[in-house]
1. Using a 7 Å offset from the Cα along the Cα-to-Cβ direction at both B:Ala146 and A:Asp115, what is the distance between the two label points in nm, to one decimal?
2. Tell me, in nm to one decimal, what length is gained between A:Ser235 and A:Arg319 on full extension, where the rule is 0.36 nm per residue of separation less the Cα-Cα distance?
3. Compare A:Val301, A:Val344 by solvent-accessible area with a 1.4 Å probe and give them largest first, with all protein chains kept in place.
4. How many angstrom lie between the C-alpha centres of segment B:177-196 and segment A:217-236?
5. Within 10 Å of each Cβ in A:144-155, how many Cβ atoms from other chains are there, averaged over the peptide?
6. Which percent of Cα pairs goes in each bin when the distances of segment A:7-235 are cut into 10 angstrom slices starting at zero?
7. Can you give me the relative contact order of chain A as a percent, contacts being Cα pairs under 8 Å and 6 or more apart?
8. Return one number: the angle in degrees, 0 to 90 and rounded to the nearest 10, between the long axis of the Cα atoms of helix A:169-186 and the longest principal axis of the Cα atoms of chain A.
Amino acid sequence: MADTAFLRIEGVSKTFGTFHAVRDVTLSVAQGEIFALLGGSGCGKTTLLRMLAGFEEPTAGRIYLDGKDMAGVPPWLRPVHMMFQSYALFPHMTVETNVAYGLKHEPMSKAERADRVREMLDLVQLTQFAKRKPHQISGGQRQRVALARALARQPKLLLLDEPLAALDKKLREHTQFELMSIQERTGVTFIVVTHDQEEAMTLADRIAVMDKGEVRQVGSPTEVYEFPANRFVASFIGSITTFAATVVGREDGQLRLKVADFGTEVLARDVAGITEGQAVTLALRPEKITISQARPEAANVVEGVVKDLAYFGKDSLYRITLPSGALVQVHAVNARRGDEAARVADWDDKVWLSFEPGAAIVLGD
Amino acid sequence: MARLKAWFDRSGWSDLIVGLPYLWLVLFFLLPFLIVVAMSVATKTPTAPPFSFGGEHPWINLGGYARLFGDALYVRAFLISLMNAATATFFCLLIGYPMALALTRVSKSWRNILLMLVILPFWTSFLLRVYAWMGLMGKSSWFNAALTDVWNWIVPIDWAVKSLPMMHSNFAVVLVMVYTYLPFMILPLYASLERLDPTLDEAALDLGSRPWQVFLDVTLPQSIPGIIAGGLLVFIPAAGELVIPSLVGDAAAPMIGRVISDEFSSARDWPMASAVAVALLALMVIPTMLYSHYQARAEGTK
Ligand SMILES: Nc1ncnc2c1ncn2[C@@H]1O[C@H](COP(=O)(O)OP(=O)(O)OP(=O)(O)O)[C@@H](O)[C@H]1O
Ligand SMILES: [Mg+2]
């Protein structure tokens, strides 16, 4: 599979002086995929992208695009275009000439070129702004000009560095779907850099979660959310509460864990590579825990007291103190309506928490 | 604070402060200029000061302006001045542009050192530096000897010379003007190049342009205001230059500054000198107006 992949990044590292910006990254991306690089500030996302575009040479490792080794290929010869975080539109050119800029290197007639520009402006719905300069249009429109400019030459691979970061929340959500639909229509492979996990989850077919220059997990949005491979990924994506635990046994394809904070044993989904007696981390997502006043009939039940609650309208967030003093976050959807909907439990109520073994994440690290 | 500001606005202090620079311009530029204009239409007399209005002479005497166009000396001096200034501006741009560009590409610490070096010549007397050039261009200098060797090596044997007659020529004037005015070209160019966003270069590279195309498509067009500003800063003083042509120029082909000076001092024809000065100013105002027109248009599209 790795050999036939459209883009292969093999053991790529980049150091600036003694600083490792990117460390031994190996990834493969399929043709037509939207692939997200997700990670906090300074984790090396832009550096990795710049190596793909050819602005930086890897210190070690190889990059293959469509089977061709990209080492030493200058940016202007790579079939890779980049959409810069700042958009980098040419301020002295109109929207139209910006979009046409890459096409001057294509062997095509004037009419063909004009057609392509019109087609691109149409794609991003900017035809009426063709004659304006970049400073005469809005931020969202600039973003679309940058996209049209990067797509005009029909690159094999489009790199988008924080494409939506400069837009306000509402426009960002709208533009996410627009990006996806444009990707679908053009069939170009997208690599999107973002530090916004929701954006990565919405846009991408697959996500690589990065930390300190390393890729910590690659998988579909569901995989990285439901089955995080390590503590970093588990806590970076969504919120989560973690507990120290010890594996005491294996039964029916489930792990039996002893959790000191719970004062009881619980069952969790089995994970490969965990041995009996091993010290592990149990991680619980707030929305996977059910909160109830009466003790429920469930595999895993823990007792606690409501310390804090925040009512958000459609849902509420509870913070529960366990007998050991540990805190658990619980997210409850307020499905019922009216007064009774307000809350399942109140401050200082004694409550029962329960969760499915399948929803309990066991992390070996 | 707000009350203070209101009082400040109401009592007209702000007008005064805003107006002071203009007062300066009126006092030391507009007024002298008007005096010169008035003098240019006076009549030369053997009195002191050597001009007068009225009397048996006509009140306004346009004879000076008529001679400007009638006498080949003046037309020729204007042409030589414009040629020399244009050539000097061109070479300043040719040499200054790469230097300004390099300044934007080196590390911060190097940049400060190099900027210092650009300004450093101003710390030595201008006259001293011109004299140094006179020494270099003189027939017995190593500089002249080295250039002579190069010349003799390039040209056919019949054209070989013992030493190059560099001094007292337009070549010498242009050379020294380029040397003198180079910082006035580099600094505005640097200021405009330094403001450019380097990611624009990367965007152009990314879209398939080679580095030289990036320069032509992205860097050069965006630096036009800097080129024009630097060009004006070199061209205008170069066209009216007096000291350099007096010291190293060809006395038989004077530049206009020399003509004005001669009319004032040796010929004691103040009206004529004033007429030449007014004409020179008019000639310089045209490119400046073109520049501000260009700027206004560039800003108008914003
Ligand atoms: N040219 C460089 N010289 C030295 N260090 C660099 C250089 N470029 C990047 N770095 C360092 O490498 C690290 C990764 O930078 P990078 O720009 O890739 O981060 P990022 O993941 O894109 O972060 P952000 O989300 O803030 O954009 C940072 O710590 C940065 O300081
Ligand atoms: Mg970045």
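The values are calculated or read from the model by the stated rules, or taken from the named source; none is laboratory data. Since this is a predicted model, take the numbers as computed values, not measurements. A quick note on method: Cβ atoms are made from the backbone with ideal geometry, for glycine too, and the neighbour counts reach across all protein chains shown. The area values use the complete protein model at the heavy-atom level, side chains included, leaving out ligands, DNA and RNA. Shrake-Rupley method; radii C 1.70, N 1.55, O 1.52, S 1.80 Å.
1. Each label point is offset 7 Å from its Cα along the Cβ direction, giving 6.1 nm.
2. 28.5 nm
3. A:Val344, A:Val301
4. Their Cα centres are 55 Å away from one another.
5. 1
6. With 10 Å bins starting at 0, P(r) equals 8, 33, 36, 19, 5, 0.
7. Averaging sequence separation for qualifying contacts and normalising by length gives 15 percent for chain A.
8. Relative to chain A, helix A:169-186 is tipped by roughly 60 degrees.
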